[in-house]
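See structure below.
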Amino acid sequence: EKWEKEIRRSAKPRRDGGISVLVTGAAGFVGAHCSLALRARGDGVLGLDNFNTYYDPALKRGRQRLLSDRGVVVLDADINDALLLEKLFELVPFTHVLHLAAQAGVRYAMEAPLTYVASNVAGLVTVFETAAKHADPQPAIVWASSSSVYGLNTETPFSEDHRTDQPASLYAATKKAGEAIAHSYNHIYGLSITGLRFFTVYGPWGRPDMAYFSFARSIVAGEPITLYADARRDFTYIDDVVKGCVGALDTAGRSTGNARSGKKTGPAPLRVYNLGNTSPVPVTRMVAILEKLLGKKANKRVVAMPSNGDVPFTHANVSHAAHDFGYRPTTSLDAGLRHFVDWFVDYYKLDAKIVKATGAVVDKKKPA
Ligand code: NAD
């Protein structure tokens with residue numbers, strides 16, 4: 001009963017016309033930032049995350065603390081727990097679900113393939129299924145697909161109507177499957193579903209398994225890093241992605257399904273958008289920026305790209321997101337990595353001397 005009260009309080013908007021959002025993967029990188037932004041606007045947010053140990057859970061707990069300081073509850077639960085989701089949908093009239101919980105990372109899919117199927121396919125179905133049948137009214141769903149669905153496609157920049165039938169990893173294949181599953185739930189149950197194809201998102205409180213983060217750690221530790229020759233990425237700063245997610249939520253449009261009868265009453269929106277930065281950068285340049293910000297040279301080893309799930313090149317065309325909800329990325333890689341390094345040095349309490357030369361970190365002992 002105490003929990004029911006807490007859940008209702010967290011999910012309740014604090015402004016007129018505010019939305020009420022269930023955020024899955026809320027202790028994750030993108031989920032935590034989106035939850036904070038929604039809460040700051042006065043929207044109601046209830047988070048859910050299973051706090052898995054794919055990467056350092058201390059980071060997830062740290063993000064959870066940031067959210068809890070702002071009154072957002074993050075339940076420790078799995079998206080495959082259908083009974084819990086049914087209860088939540090019966091308890092709270094969510095207007096939206098921001099479904100970000102997933103097993104991320106392309107390489108780990110070779111070690112733990114079924115984890116990807118469990119979270120990105122079965123878990124996704126559980127979220128769609130319970131939202132379709134147990135929420136009244138049905139919420140609009142916005143969920144994270146990935147730029148990886150473009151796979152081995154070399155026709156760039158990637159537009160949403162380009163072919164996505166050549167995934168280069170199981171991760172990409174599960175995201176592609178998610179897009180097909182979204183179509184079926186929209187068609188049968190009238191769920192409003194918006195898929196967002198994120199392009200290499202980076203920033204403070206980021207994911208330590210991603211290249212920019214693990215390279216920063218290796219540079220500081222003096223450990224060698226392995227770079228893939230010719231790899232280029234459309235690195236997208238977290239604040240830009242958050243604006244895109246919030247824009248997509250605000251324009252998602254209503255579901256037209258009826259939870260009681262399980263039927264749709266009319267056509268509901270089904271959309272997919274690229275959320276990228278529109279300017280691919282060589283990974284070698286990303287490392288050069290990190291070296292400058294950290295004031296230390298990397299011990300680099302450049303090799304040809306192996307077939308381990310990575311794709312050589314990503315580049316987003318974001319004209320659809322720009323047209324439909326004014327999405328416009330504004331953060332350069334230099335500026336975004338500076339924010340990341342400031343956070344990184346502070347979070348790991350690194351010797352400020354490393355970064356003194358660049359001014360990347362403010363000496364906290366001195367008065368501002
Ligand atoms: P993340 O790993 O930091 O966040 C995902 C969160 O989901 C984690 O906190 C994890 O504990 C949770 N989770 C995983 N499986 C779960 C389950 N079965 N039940 C409940 N919680 C579960 O990753 P992120 O970078 O924040 O990514 C968010 C979403 O965006 C993911 O769907 C990811 O695939 C997608 N995406 C991210 C990027 C990127 O560059 N960061 C790019 C493309 C797509």
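What follows is calculated from the coordinates using simple rules that are stated; it is not laboratory data. A quick note: this is a predicted structure, and the numbers were derived from the prediction, not measured. Because the Cβ atoms are built from the backbone with ideal geometry, glycine has one as well, and the counts that use them run over all protein chains shown.
Can you show me the helix-derived [θ] at 222 nm for the chain, built from DSSP H runs with n ≥ 4 at -39,500 (n - 2.57) apiece and divided by the number of residues, rounded to the nearest 500.
-12000 deg cm²/dmol
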Practice item. Among Tyr108, Ser261, Ile193, pick out the residue whose Cα is farthest towards the positive end of the charge dipole of the chain, where Lys and Arg carry +1 and Asp and Glu carry -1 on C-beta, about the Cα centre. Key: Tyr108
Study note, to complete from the structure: Each label sits 7 Å from Cα toward the beta-carbon; between Asp76 and Thr284 the label points are separated, in nm, by 4.7
Review point. Most mobile of Ala211, Ala182, Ala335 per a Gaussian network model of the chain (Cα springs, under 10 Å)?
Key: Ala335
Point to revise | Extent along principal axes [Cα atoms of segment 157-302; Å; largest to smallest] | key: 62, 30, 26
**Study point:** Rounded, prolate or oblate (a/c below 1.5 giving rounded, otherwise prolate when a/b exceeds b/c) for segment 139-209 by Cα gyration tensor
**Key:** oblate
Practice item. First check a/c for segment 42-83, with a ≥ b ≥ c the square roots of the eigenvalues of its C-alpha gyration tensor; if it is under 1.5, answer rounded, and if not, answer prolate when a/b is larger than b/c or oblate otherwise. Key: oblate
Review point. Over what distance in Å are the Cα centres of segment 288-303 and segment 219-281 separated?
Key: 29
**Study point:** Longest segment of the chain lacking chymotrypsin sites (Phe, Trp or Tyr not before Pro) that sit in a DSSP loop with at most 15 other Cβ atoms within 10 Å
**Key:** 52-347
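Is the shape of segment 44-191 rounded, prolate or oblate, going by the alpha carbon gyration tensor and its root eigenvalues a ≥ b ≥ c, with a/c under 1.5 for rounded and a/b larger than b/c for prolate?
On the way: a/c = 1.90, a/b = 1.27, b/c = 1.50.
Oblate, because a/c is 1.5 or more while a/b does not exceed b/c.
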Check your understanding: Expressed as an acute angle from 0 to 90° and rounded to the nearest 10, what is the orientation of the C-alpha long axis of helix 283-294 relative to the principal long axis of the chain?
Key -> 70
Review point. Which residues make up the longest stretch of the chain clear of GluC sites (Glu not before Pro) that lie in a DSSP loop with no more than 16 other Cβ atoms within 10 Å, not counting the sites?
Key: 156-368
Study note, to complete from the structure: Note: probe point = Cα of Ala122 + 7 Å toward Cβ; backbone nitrogen < 17 Å; residues of segment 18-60 passing the test are 50-53
Check your understanding: How long, wide and thick is the chain, going by the Cα atoms along their three principal axes, in whole angstroms, largest first?
Key -> 63, 50, 38
Revision key, fill the gap. So, with points 7 Å from each Cα along the Cβ direction, the Arg301-Arg260 label distance in nm works out to 6.5
Check your understanding: Label-point separation (nm) for Asn52 and Ala221, each offset 7 Å from Cα along Cα-to-Cβ?
Key -> 2.3
Check your understanding: So what's the angle, to the nearest 10 degrees on a 0 to 90 scale, between helix 29-41 and the longest Cα principal axis of the chain?
Key -> 60
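Report, in listed order, any pair from Lys176/Lys292; Lys2/Lys243; Lys60/Lys176; Lys5/Lys60; Lys175/Lys243 with a Cα-Cα distance greater than 29 Å.
Where the Cα-Cα span goes over 29 Å, the pairs concerned are Lys176/Lys292; Lys2/Lys243.
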